[in-house]
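S.K.: My questions will all concern the structure given below.
The values are calculated or read from the model by the stated rules, or taken from the named source; none is laboratory data. Here the structure is a predicted model, which is why all the values come from computation and not from measurement. Here Cβ is always computed from backbone atoms with ideal geometry, including for glycine, and neighbour counts include all displayed protein chains. Please note that ligands, DNA and RNA were not included when accessible areas were found on the heavy atoms of the full protein model with its side chains. Shrake-Rupley method; radii C 1.70, N 1.55, O 1.52, S 1.80 Å.
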Amino acid sequence: MADTRAVPGELATPGFGTLLDSWRQIIATGNLPKGRAIDGVSRWLLITRACVFSMTLTSGLIGGLLAAATAAAPRWGYFALALLGLVIAHAANNMINDYFDLAGGIDTAEYTRALYAPHPILSGLITKRGLLAAIAAVNLADLAILAVLVAARGWPVAAFALAGLFVSVFYVAPPLKLKHHGLGEPGVFVVWGPLMIGGTYYVTAGALPGWVWLASVPYALAVTTVLIGKHVDKYEQDKARGIHTLPVLLGKDFSLRLNQGAMVAFYAIVLGLVVSGYLGVGVLIVAAALPRLRQVLRAYSQPKPASPPPGYRVWPLWYVSLAFYHNKLAGGLFVLGLALNAVLGL
């Protein structure tokens, strides 16, 4: 098993091409390639877990493109600010999770979190005090963005932001610890669906029709499958630690079948939204992801391999990687379909 807990030190000054490749691989795998020097950008990409930002960008783009197709006068400057704020909030969320899980004794050198990618503190990327300072800094940046958007669009923007912050902080922070009581997965569904997509639509368009809530459901499900897959991967360790994630409460086998059903439901709901007239036919391009869906469903029906395949970088994770593999293509095609709707007036 590759040791992903340690981060290489300063070996040599890398060229720009090497830096770009390091950043690309961190975003793709959550790990710095072996033998590479750790540069400042790589360090923060690892600390903030930038490898999962694509889901937040996708949610924000969905909200903006829904507004582009239906709003009379979308405000793209506000949209850009909202999208930036969402990514910053996701970075804060990841750092908050790592801080509180370490402080609570959950994250250790033997726990899955420190095995598939460097833990910010355990790997020596940053100190506890430094991580707290980073959390404060990014939240202050988000507060500044929030102030601008509230001044432009009113109090509903604050409601969206504060609801998201509540789930973000209390996902692992006491006294609620939502993840520990089977509420982490519903929380992610709400944040990456209605809150991010609906909030971005509202900021861009200045209003929020009811059908947007429905249009947020398919991708909210796709993101939730990623978290369920991750918690299935950590099932034994979480159960032993008394962390009652949804898979711990429902059982591993049932959770695997639940995830398969949620992936299939993504396509059924998209089709229903088109048939009912809420979305244009452009989003039916998501059908191009069906071969990947079949591949992932097949893998979910088979036992997890005993050892990682050659070149596999995030072991011991498995089911989350499969869910993310499906999420990226299905979500990307959904965004492309919404762009087609907006451009072609579908």
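S.K.: For the range 162-180, check the following and say yes or no: at least one residue is among the charged types (D, E, K, R) and farther than 30 Å from Gln237 by Cα.
M.R.: No, the range 162-180 contains no residue that is among the charged types (D, E, K, R) and farther than 30 Å from Gln237 by Cα.
S.K.: Search the range 184-207 for residues that are under 15 Å from Tyr219 (Cβ atoms) and pair each with any residue that is assigned to a helix (DSSP H, G or I) and at pLDDT below 95 when their beta-carbon atoms are under 9 Å apart and the residues are at least 6 apart or on different chains.
M.R.: Val191/Ser168; Tyr201/Thr70
S.K.: Pull up the range 305-346, narrow it to residues that are in a helix (DSSP H, G or I) and β-branched (Val, Ile, Thr), then point me to the one that is nearest to the chain's Cα centre (by Cα).
M.R.: Val320
S.K.: Checking the conditions here, which among Leu333, Leu290 is open to solvent by 20 Å² or more (accessible area, probe 1.4 Å) and closer than 16 Å to Val217 by Cα?
M.R.: The unique qualifying residue is Leu333.
S.K.: Answer with yes or no whether Ala92 is among the small types (Gly, Ala, Ser), closer than 25 Å to Leu273 by Cα and either buried (at least 20 other Cβ atoms within 10 Å of the Cβ) or in contact (Cβ under 8 Å) with a residue 12 or more places away in the chain (or both).
M.R.: Answer is no for this residue.
S.K.: Can you find a residue in the range 162-171 that is under 19 Å from the mean Cα position of the chain (by Cα), in a helix (DSSP H, G or I), of a type in the set (S, T, N, Q) and modelled with pLDDT under 95?
M.R.: yes
S.K.: Of the conditions (1) over 21 Å from the mean Cα position of the chain (by Cα); (2) surrounded by 13 or more Cβ atoms within 10 Å (Cβ to Cβ); (3) closer than 24 Å to Leu178 by Cβ, Lys234 fails just one. Which one is it?
M.R.: Here Lys234 clears every test but (1).
S.K.: Next question, about the same structure. Using the structure shown, decide if Leu115 is under 18 Å from the mean Cα position of the chain (by Cα) and under 27 Å from Ala222 (Cβ atoms).
M.R.: So Leu115 fails the test.
S.K.: Within the range 142-155, does at least one residue satisfy the condition of being under 18 Å from the mean Cα position of the chain (by Cα) and within 26 Å of Ser59 (Cα to Cα)?
M.R.: Yes: one or more hits.
S.K.: Name the single residue, out of those in the range 126-140 being over 13 Å from Tyr99 (Cα atoms) and more than 20 Å from the chain's Cα centre (by Cα), that is most open to solvent (accessible area, probe 1.4 Å).
M.R.: Leu140
S.K.: I've got another one for you. Which one of the conditions (1) without any contact (Cβ under 8 Å) to a residue 12 or more places away in the chain; (2) at negative phi does Gly105 fail to meet, given that it meets all the rest?
M.R.: Unmet for Gly105, out of (1) without any contact (Cβ under 8 Å) to a residue 12 or more places away in the chain; (2) at negative phi: (2).
S.K.: Which one of Thr48, Thr112, Thr4 is modelled with pLDDT of 95 or more and either open to solvent by less than 30 Å² (accessible area, probe 1.4 Å) or in contact with a Phe, Trp or Tyr (Cβ under 8 Å, 6 or more places away or on another chain) (or both)?
M.R.: Step by step, each of Thr48, Thr112, Thr4 is checked, and only Thr48 is modelled with pLDDT of 95 or more and either open to solvent by less than 30 Å² (accessible area, probe 1.4 Å) or in contact with a Phe, Trp or Tyr (Cβ under 8 Å, 6 or more places away or on another chain) (or both).
S.K.: Which one of Leu178, Leu122 is free of Cβ contacts under 8 Å to residues at least 24 places away in the same chain and open to solvent by 20 Å² or more (accessible area, probe 1.4 Å)?
M.R.: Unique residue meeting the criteria: Leu178.
Residue-wise test of (1) without any contact (Cβ under 8 Å) to a residue 40 or more places away in the chain; (2) touching a Gly at 6+ places or on another chain (Cβ under 7 Å); (3) open to solvent by less than 60 Å² (accessible area, probe 1.4 Å).
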position	(1), (2), (3)
Leu214	no, no, no
Ile228	no, no, yes
Ala240	yes, no, no
Pro247	yes, no, yes
Ser276	yes, no, no
Arg298	yes, no, no
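S.K.: Failed condition for Leu65, given (1) in contact (Cβ under 8 Å) with a residue 40 or more places away in the chain; (2) closer than 28 Å to Lys177 by Cβ; (3) open to solvent by less than 50 Å² (accessible area, probe 1.4 Å), with all others met?
M.R.: (2)
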